[in-house]
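Engineer: Next up is a structure, given as structure tokens.
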Amino acid sequence: MKAEHYVDGVFRSDGPVFPLVAPVDGTEIGAVPEATREVVDDAVAAARSALEGPWGAMAAEDRAAALRRVADGVEARFEEFVEAEVADTGRPRAFAETVDVPRAVGNFRAYADLLYGRPERAYTTRIPGWSSGTGEALNYTVRRPLGVVAIVSPWNLPLLLSTWKIAPALACGNAVVAKPSEETPSTATLLAQVIDDAGLPAGAFNLVHGHGPGAAGEFLTGHPGVDAIAFTGESATGAAIMRNAADHVTPVSFELGGKNPALVFADADLDAALDGTVRSCFTHSGQICLCTERVYVERPVFDEFVTRLGERARALEDYGPMISAAHRDKVLSYYRLAREEGATVVAGGGAPEFGDARDGGFHVEPTVLTGLPETARSVREEIFGPVCHVAPFDTEDEALALANDSPYGLASAVWTRDLSRAHRVAPRVETGIVWVNCWNLRDLRTPFGGVKASGIGREGGEYSLDFFSEPVNVCIQI
Ligand code: NAD
Ligand code: 6OD
């Protein structure tokens, strides 16, 4: 798959190139152009022109129709998208078939529905009123797009997470410059082809490839022509982007890192809690921002839970690799650190040997740890691999204190059969998303995002429409 920039309705691949490496076996599978400052400038200028041209003038229902054509176009090339996502990420094919590509289609349809189905809520509210002392006035509010929006996305769910922002940004009438992760450029290139075929006006959607610091990501997020930034990635990167954007006071929406807790109470359906925790710790080899890395289990069921979780982790076979050699090395360094910090390794703890081509790839073993103090770095820092630490607790208050003692606050899971406890505990967990007796059950209209170092703002449904448009009040003296 040949990655290309898409700027002002034209595909181009100028700039130096870097190799694309398959994480599953370490082979080189392509070359990616690195966007220079000039390419980024061109993309931002094209986006600005689109806003001043046919894209800016397009009616909301026509934008909704365009989003539906994009959804249809992705569906029509379903297999190509699946192949590209599997090649770039090394994830099991079934995941791309059931999550990545259908969700990308869903993102475009959901925002077309929201926009076209309920334009009165998305776009205008009228409030008759009066201003004190100066007579009666009519106030009404219109929503207008922010302008040129930079969308910077990570490698872990490349198509899903970029379209999660691109679809609502376009729905609201913004022009987009997207920069996917340098590790996973392929589905973004396919998406640009689909958008081109769908007939969006030139410049409404632009794509630039390349790295982050000192490169395309930094050029884009510090660009004076960018009116807003929607970013998903590491918290430290979010902080760097904020510093870079500060000179222009560019608004940001941030979905950042996590160190997500799960609380398993002794009254839980233990089989369901185990199934859910295996999914939440090891899906996509732990490379989902919502994955659990800290499990707290009420003491009466702690030993049984740890034993069974360890067995389940050891039994996992069809798991994908880390995204890169560098990320594999980072995860393995945390496995070593955990040992040095005094962990008991219940399962995994190293790199597997398959005896086939996968040994050239970047796999690490699903790993279960116990015995660490809460102050250990491997309990506090995001590892972003297939690993969890399991610790016991005795009371509900203690469980909450342990869960909340983290710089992060993205997602959590609570496992209990006690309805009152569920309602008591869930609102007290300091995360943006709390799942009760489930994990990663997603309705696209619900607010999505984190507290503390896990993000700024919420996306999803009308929360995304709120970020990607600006309310403007018009006050008329009567
Ligand atoms: P990352 O922060 O390294 O990179 C994300 C994107 O930012 C990439 O496109 C990268 O090129 C770009 N980038 C890097 N440095 C930049 C800079 N200085 N300026 C501008 N752009 C820059 O993240 P990653 O390794 O790709 O993804 C994994 C991380 O993302 C984890 O921390 C994970 O928790 C987080 N994540 C969070 C969510 C969420 O919804 N909260 C979702 C997915 C991933
Ligand atoms: O499902 C989603 O909408 C979403 N934003 C998932 C994020 C996963 C993080 O890796």
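The values are calculated or read from the model by the stated rules, or taken from the named source; none is laboratory data. Keep in mind it's a predicted model, so treat the numbers as computed, not measured. Quick reminder, even Gly has a Cβ in these numbers, built from the backbone with ideal geometry, and neighbours come from all protein chains shown. Side chains are part of the model used for accessible areas, which takes the heavy atoms of the whole protein and leaves out ligands, DNA and RNA. Shrake-Rupley method; radii C 1.70, N 1.55, O 1.52, S 1.80 Å.
Engineer: Kindly check whether there is at least one residue in the stretch 328-337 that is in contact with a helix residue (DSSP H, G or I) (Cβ under 7 Å, 6 or more places away or on another chain) and within 26 Å of R377 (Cβ to Cβ).
Structural biologist: There is at least one residue in the stretch 328-337 that is in contact with a helix residue (DSSP H, G or I) (Cβ under 7 Å, 6 or more places away or on another chain) and within 26 Å of R377 (Cβ to Cβ).
Engineer: Consider the stretch 154-175. How many of its residues are open to solvent by less than 10 Å² (accessible area, probe 1.4 Å) and not in a helix (DSSP H, G or I)?
Structural biologist: 5
Engineer: Now, a different point. Count, please, the residues in the stretch 292-307 that happen to be out of contact with any Cys (no Cβ under 6 Å at 6 or more places or on another chain) and either surrounded by 21 or more Cβ atoms within 10 Å (Cβ to Cβ) or not in a helix (DSSP H, G or I) (or both).
Structural biologist: Selection size over the stretch 292-307: 6.
Engineer: Determine which single condition G409 fails, assuming it passes every other condition in (1) touching a residue at least 60 places away in the same chain (Cβ under 8 Å); (2) away from ligand 2 (no atom under 13 Å from the Cβ); (3) assigned by TED's automatic domain parsing to the domain that holds P102; (4) not aromatic (F, W, Y).
Structural biologist: Result: G409 fails condition (3) only.
Engineer: Taking the condition assigned by TED's automatic domain parsing to the domain that holds A35, touching a strand residue (DSSP E or B) at 6+ places or on another chain (Cβ under 6 Å) and either under 21 Å from A104 (Cβ atoms) or free of Cβ contacts under 8 Å to residues at least 60 places away in the same chain (or both), does A236 pass?
Structural biologist: When the stated conditions are applied, A236 does not pass them.
Engineer: Sticking with this one: Select from the stretch 8-50 the residues that are open to solvent by less than 10 Å² (accessible area, probe 1.4 Å), hydrophobic (A, V, I, L, M, F, W, C) and part of a strand (DSSP E or B) and list them in ascending order.
Structural biologist: L20, V32
Engineer: Same structure, new question: Considering only residues of the stretch 403-430 that are buried (at least 17 other Cβ atoms within 10 Å of the Cβ) and part of a loop (DSSP other than H, G, I, E, B), which is farthest from the chain's Cα centre (by Cα)?
Structural biologist: Going through the qualifying residues, I end up with T416.
Engineer: Just to be sure before I move on: is A326 open to solvent by 10 Å² or more (accessible area, probe 1.4 Å), in the same structural domain as G361 (by TED's automatic domain parsing) and either touching a Lys or Arg at 6+ places or on another chain (Cβ under 9 Å) or within 16 Å of ligand 1 (Cβ to nearest atom) (or both) in the structure I sent? I'd like the intermediate steps shown before the answer.
Structural biologist: On the way: open to solvent by 10 Å² or more (accessible area, probe 1.4 Å): yes; in the same structural domain as G361 (by TED's automatic domain parsing): yes; either touching a Lys or Arg at 6+ places or on another chain (Cβ under 9 Å) or within 16 Å of ligand 1 (Cβ to nearest atom) (or both): yes.
So A326 fits the description; yes.
Engineer: May I pose another question? So for the stretch 268-289 (the condition being within 14 Å of ligand 2 (Cβ to nearest atom), among the hydrophobic types (A, V, I, L, M, F, W, C) and not assigned by TED's automatic domain parsing to the domain that holds T307), does at least one residue qualify?
Structural biologist: no
Engineer: Among (1) over 22 Å from A376 (Cα atoms); (2) touching a residue at least 24 places away in the same chain (Cβ under 8 Å); (3) within 22 Å of the chain's Cα centre (by Cα), there is one condition D318 misses while meeting the rest; what is its number?
Structural biologist: Going through (1) over 22 Å from A376 (Cα atoms); (2) touching a residue at least 24 places away in the same chain (Cβ under 8 Å); (3) within 22 Å of the chain's Cα centre (by Cα) one by one, D318 breaks only (3).
Engineer: Only one of V70, V82, V99 is outside any loop (DSSP other than H, G, I, E, B), within 16 Å of ligand 1 (Cβ to nearest atom) and at pLDDT 95 or above; which? Spell out how you get there, then give the answer.
Structural biologist: Numbers: V70 fails: within 16 Å of ligand 1 (Cβ to nearest atom); V82 fails: within 16 Å of ligand 1 (Cβ to nearest atom).
After ruling out the rest, the residue left standing is V99.
Engineer: With the structure loaded, tell me whether V252 is at negative phi, in the same structural domain as A150 (by TED's automatic domain parsing) and of a type outside the set (S, T, N, Q) or whether it fails that test.
Structural biologist: yes
Engineer: Checking Y140 against (1) at pLDDT below 95; (2) part of a helix (DSSP H, G or I), which test does it fail?
Structural biologist: Status for Y140: all satisfied but (2).
Engineer: When you look at L207, is it under 30 Å from A403 (Cβ atoms) and out of contact with any Lys or Arg (no Cβ under 7 Å at 6 or more places or on another chain), yes or no?
Structural biologist: Working: under 30 Å from A403 (Cβ atoms): no; out of contact with any Lys or Arg (no Cβ under 7 Å at 6 or more places or on another chain): yes.
No: the conditions fail for L207.
Conditions (1) modelled with pLDDT of 95 or more; (2) surrounded by 16 or more Cβ atoms within 10 Å (Cβ to Cβ); (3) among the small types (G, A, S); (4) more than 23 Å from F282 (Cα to Cα), marked per residue:
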site: P386; (1), (2), (3), (4): yes, yes, no, no
site: G432; (1), (2), (3), (4): yes, yes, yes, no
site: W439; (1), (2), (3), (4): yes, yes, no, no
site: R445; (1), (2), (3), (4): no, no, no, yes
site: G450; (1), (2), (3), (4): yes, yes, yes, no
site: S464; (1), (2), (3), (4): yes, yes, yes, yes
site: N473; (1), (2), (3), (4): no, no, no, yes
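Engineer: In addition: Take the conditions touching a strand residue (DSSP E or B) at 6+ places or on another chain (Cβ under 6 Å) and over 30 Å from V24 (Cβ atoms) and apply them to G371. Does it pass?
Structural biologist: Judged against the criteria, G371 is a match.
Engineer: Additional query: Just need a number here: residues in the stretch 431-466 that are more than 27 Å from S406 (Cα to Cα) and outside any loop (DSSP other than H, G, I, E, B).
Structural biologist: Selection size over the stretch 431-466: 4.
Engineer: Here is a further query. Looking for something in contact with a Cys (Cβ under 9 Å, 6 or more places away or on another chain), open to solvent by less than 10 Å² (accessible area, probe 1.4 Å), within 15 Å of ligand 1 (Cβ to nearest atom) and farther than 15 Å from A230 by Cβ - is there at least one such residue anywhere in the stretch 176-192?
Structural biologist: For the stretch 176-192, residues in contact with a Cys (Cβ under 9 Å, 6 or more places away or on another chain), open to solvent by less than 10 Å² (accessible area, probe 1.4 Å), within 15 Å of ligand 1 (Cβ to nearest atom) and farther than 15 Å from A230 by Cβ: absent.
Engineer: Right, here's the next one. Just to verify a result, which residue in the stretch 215-238, among those that are surrounded by 22 or more Cβ atoms within 10 Å (Cβ to Cβ) and within 16 Å of ligand 2 (Cβ to nearest atom), is farthest from K2 (Cα to Cα)?
Structural biologist: Top of the filtered list is G238.
Engineer: Out of everything in the stretch 200-214 that is open to solvent by 10 Å² or more (accessible area, probe 1.4 Å) and among the hydrophobic types (A, V, I, L, M, F, W, C), what residue ends up being farthest from ligand 1 (Cβ to nearest atom)?
Structural biologist: Filtering the stretch 200-214 for residues open to solvent by 10 Å² or more (accessible area, probe 1.4 Å) gives 200-202, 211-214.
Cutting the leftovers down to among the hydrophobic types (A, V, I, L, M, F, W, C) gives us 200, 202.
Details: L200: 22, A202: 24 Å.
Step by step, filter the stretch 200-214, then rank; the result is A202.
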